Every structure is written in C-alpha cells, then in structure tokens.
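Asks: Take this structure, written in structure tokens, and hold onto it; I'll ask about it next.
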Amino acid sequence: MSTQASSKTIGIVGGLGPWTGLDLHRRVLAATPVEEDQDHLSIVHLARPRAIGNRNAFLLGDSPVNPGEAIAAVVEDLLRCGAELIAIPCITAHAAPIIAPVEACLARHPSAARIDLRTLLEAELLAAHAQGARRCAVLCTVGSRRAQVFEDLAHPPGLELAFPTAPIQARVQSLINAIKADGSPTWDEAGETRQAIVDDMREQGCDAVLLGCTELPLPRLPIEGAHVIDPNASLAAALYNAATSKKS
C-alpha cells in the first residue's frame with residue numbers, strides 16, 4: 001500500500017505558532033490512508049519560533065525586522081533536508097512584504113514548490129459562494145487587516161467579505177493570542193469573547209465565516225447554519241494531493 005516511493009516530501013515551516021504547525025502535521029497524517037508506518041508520507045517539520053519575529057509587530061510598524069527573512073532561512077533548511085513541497089501555516093506570513101523573501105528563496109530552487117494558502121482560500125470562497133453563501137465574515141489578525149491580505153483575495157461577485165468592528169477585532173486578536181499560549185482551548189472557555197464574535201457576525205448578516213488565522217481552527221467554532229472555511233483543513237488536503245500527485 002505504501003506510496004513513499006512515488007510521493008514528494010513535505011516541508012512544514014513550524015513555529016507560526018507551534019501548535020498550528022502540529023495541527024497541520026496531524027491533519028496530513030490523518031488524511032493519509034495507511035496500514036503501517038511505511039505508508040505515511042515523508043514530512044520534514046522545522047520549528048524555530050524564537051528566530052522568527054512577530055508578524056503583526058512588523059506589519060503594524062512596531063518592529064523593523066522582517067520575519068520573512070527568518071522564514072526563508074527555515075525554508076532553505078527544509079530544502080536541504082529534502083523537502084519538495086513547502087507549507088507555511090500562517091496567513092499573516094502571506095502578507096506581501098513578509099512572503100517576498102520566501103518567494104526569492106524558492107526562485108533559487110525551481111524544483112521545489114510552495115502550497116499557497118491565498119490560492120486555497122480563494123478556491124474555498126468560490127466553493128462557499130457556489131453553496132449559497134453571500135456574506136462571509138473574516139476573522140484574522142490585526143496584521144493581516146493592516147496588510148489587507150483578505151481584501152486582495154479574488155472572490156466571486158455576489159460574495160461580500162465582512163470584517164469585525166474594531167472592538168470585536170481586538171477580541172479576535174486576544175483569542176488568537178490565547179490559543180497561541182494554550183494550544184487547545186475550547187470556544188466555551190472563551191466565554192463572552194466567543195459570544196461577542198458570533199453576535200457580531202450575525203448582526204452583519206454573515207452566512208459564512210473564514211477562519212483567517214491558522215490558530216482559529218484549533219478550538220471548534222460552533223456557528224449553526226454558517227459555512228465555515230478552515231485554512232488548516234484546506235492546506236492539509238492540498239499537501240496530501242500534491243505529495244501524492246492527486247488532483248483536488
């Protein structure tokens with residue numbers, strides 16, 4: 001049953017945050033049909049959280065150090081270890097000034113490829129619209145909002161993106177920070193924060209929600225009647241398909 005001989009090696013840039021890297025790794029394992037250890041895909045997972053600066057701080061102008069340079073250095077090491085497909089499970093890291101050093105790095109290694117989260121999210125928005133969604137709430141970091149990562153996404157006419165009000169955005173960022181610290185909190189533990197986020201979405205008439213930070217899928221977000229876009233699920237599926245040369 002093993003597909004190792006014909007599959008590509010996945011490289012995960014961990015530490016963005018660390019729990020998200022583990023979640024992505026786990027999802028790739030879960031997506032792989034196996035009967036024994038040897039059936040699993042080869043994955044190189046390198047986490048250097050202390051070497052990679054805060055993405056929000058850079059995008060907000062609070063730090064002059066571009067974390068993209070350190071991310072590119074991790075990518076270089078992953079490639080040296082034999083990785084052929086690179087995954088960066090952090091949407092804020094896909095802001096143009098941060099991802100630029102990574103793209104420059106990969107340009108020097110034409111045999112390697114990066115699975116682009118932005119492209120995956122665009123496909124998910126298209127699918128949500130096809131299933132009837134008309135207004136999609138975007139929950140993301142303050143850095144992604146400042147860099148307009150989501151405003152720049154291609155999305156179908158008839159699907160409007162909606163963002164939290166400033167007070168709710170602050171709560172979303174606080175929740176993301178809490179998930180980074182804990183790794184496995186539940187939405188029930190978020191209490192008033194969770195309810196405020198859900199109420200804001202409903203007041204804006206949203207029938208879909210894009211979890212626009214890869215920390216947010218770690219707890220489960222119960223929103224009845226809403227189409228939920230999970231970036232970690234999309235990235236794991238794309239990695240498995242690309243590694244095994246399957247079309248999604």
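The values are calculated or read from the model by the stated rules, or taken from the named source; none is laboratory data. Remember, it's a predicted structure, so these values are computed and weren't measured experimentally. Virtual Cβ from ideal backbone geometry, glycine too; neighbours counted across all protein chains shown.
Asks: List pairs: first residue in the range 164-179 and closer than 17 Å to THR20 by Cα, second residue part of a helix (DSSP H, G or I) anywhere in the structure, Cβ distance under 6 angstrom, at least six positions apart or on different chains.
Replies: GLN173/VAL142; LEU175/ALA190; LEU175/THR193
Asks: Here is a check on your reading of the model: is VAL102 exposed (fewer than 14 other Cβ atoms within 10 Å of the Cβ) and touching a helix residue (DSSP H, G or I) at 6+ places or on another chain (Cβ under 7 Å)?
Replies: So VAL102 fails the test.
Asks: I've got another one for you. Pairs, please: C-beta under 8 Å, at least 6 apart or cross-chain, first residue assigned by TED's automatic domain parsing to the domain that holds ILE179 and in the range 217-228, second modelled with pLDDT of 75 or more and hydroxyl-bearing (Ser, Thr, Tyr)?
Replies: The qualifying pairs are LEU218/THR20.
Asks: Also: ALA166 is checked against (1) surrounded by fewer than 13 Cβ atoms within 10 Å (Cβ to Cβ); (2) of a type in the set (Gly, Ala, Ser); (3) touching a helix residue (DSSP H, G or I) at 6+ places or on another chain (Cβ under 8 Å) and fails just one. What number does that condition carry?
Replies: ALA166 satisfies every listed condition except (3).
Asks: Also, quick follow-up: Looking at SER248, SER234, which is the one that is under 15 Å from ALA31 (Cα atoms) and at pLDDT 85 or above?
Replies: Going through SER248, SER234 in turn, just one is under 15 Å from ALA31 (Cα atoms) and at pLDDT 85 or above: SER234.
Asks: In the range 73-85, is there at least one residue being farther than 18 Å from LYS8 by Cβ, under 13 Å from the mean Cα position of the chain (by Cα) and among the β-branched types (Val, Ile, Thr)?
Replies: no
Asks: To continue, here is another question. Can you name every residue in the range 42-69 that is over 18 Å from the mean Cα position of the chain (by Cα) and either under 20 Å from ALA147 (Cβ atoms) or at pLDDT below 95 (or both)?
Replies: Those that are over 18 Å from the mean Cα position of the chain (by Cα) and either under 20 Å from ALA147 (Cβ atoms) or at pLDDT below 95 (or both): ALA57, PHE58, LEU60, GLY61, ASP62, SER63, PRO64, VAL65, ASN66, GLU69.
Asks: Looking at the range 48-64, is at least one residue without any contact (Cβ under 8 Å) to a residue 40 or more places away in the chain, over 23 Å from CYS140 (Cβ atoms) and of a type in the set (D, E, K, R)?
Replies: Checked the range 48-64: at least one residue is without any contact (Cβ under 8 Å) to a residue 40 or more places away in the chain, over 23 Å from CYS140 (Cβ atoms) and of a type in the set (D, E, K, R).
Asks: Something else now. From LEU120, LEU159, LEU218, LEU126, which residue is touching a Cys at 6+ places or on another chain (Cβ under 8 Å) and of a type in the set (A, V, I, L, M)?
Replies: LEU159 is the lone residue from the list that is touching a Cys at 6+ places or on another chain (Cβ under 8 Å) and of a type in the set (A, V, I, L, M).
Asks: Let me ask something else about it. Quick check on my filter: what residues within the range 49-85 are closer than 25 Å to ALA30 by Cβ and either among the small types (Gly, Ala, Ser) or in contact with a helix residue (DSSP H, G or I) (Cβ under 6 Å, 6 or more places away or on another chain) (or both)?
Replies: Answer for the range 49-85, where residues must be closer than 25 Å to ALA30 by Cβ and either among the small types (Gly, Ala, Ser) or in contact with a helix residue (DSSP H, G or I) (Cβ under 6 Å, 6 or more places away or on another chain) (or both): PRO49, VAL75, GLY82, ALA83, LEU85.
Asks: Would you check if there is a residue in the range 129-139 being over 27 Å from ASP62 (Cβ atoms) and either touching a helix residue (DSSP H, G or I) at 6+ places or on another chain (Cβ under 6 Å) or assigned by TED's automatic domain parsing to the domain that holds VAL13 (or both)?
Replies: Looking through the range 129-139, none of the residues is over 27 Å from ASP62 (Cβ atoms) and either touching a helix residue (DSSP H, G or I) at 6+ places or on another chain (Cβ under 6 Å) or assigned by TED's automatic domain parsing to the domain that holds VAL13 (or both).
Asks: What residue, of ALA107, ALA93, ALA127, ALA137, is surrounded by 17 or more Cβ atoms within 10 Å (Cβ to Cβ) and either free of Cβ contacts under 8 Å to residues at least 40 places away in the same chain or closer than 24 Å to ARG202 by Cβ (or both)?
Replies: Going through ALA107, ALA93, ALA127, ALA137 in turn, just one is surrounded by 17 or more Cβ atoms within 10 Å (Cβ to Cβ) and either free of Cβ contacts under 8 Å to residues at least 40 places away in the same chain or closer than 24 Å to ARG202 by Cβ (or both): ALA137.
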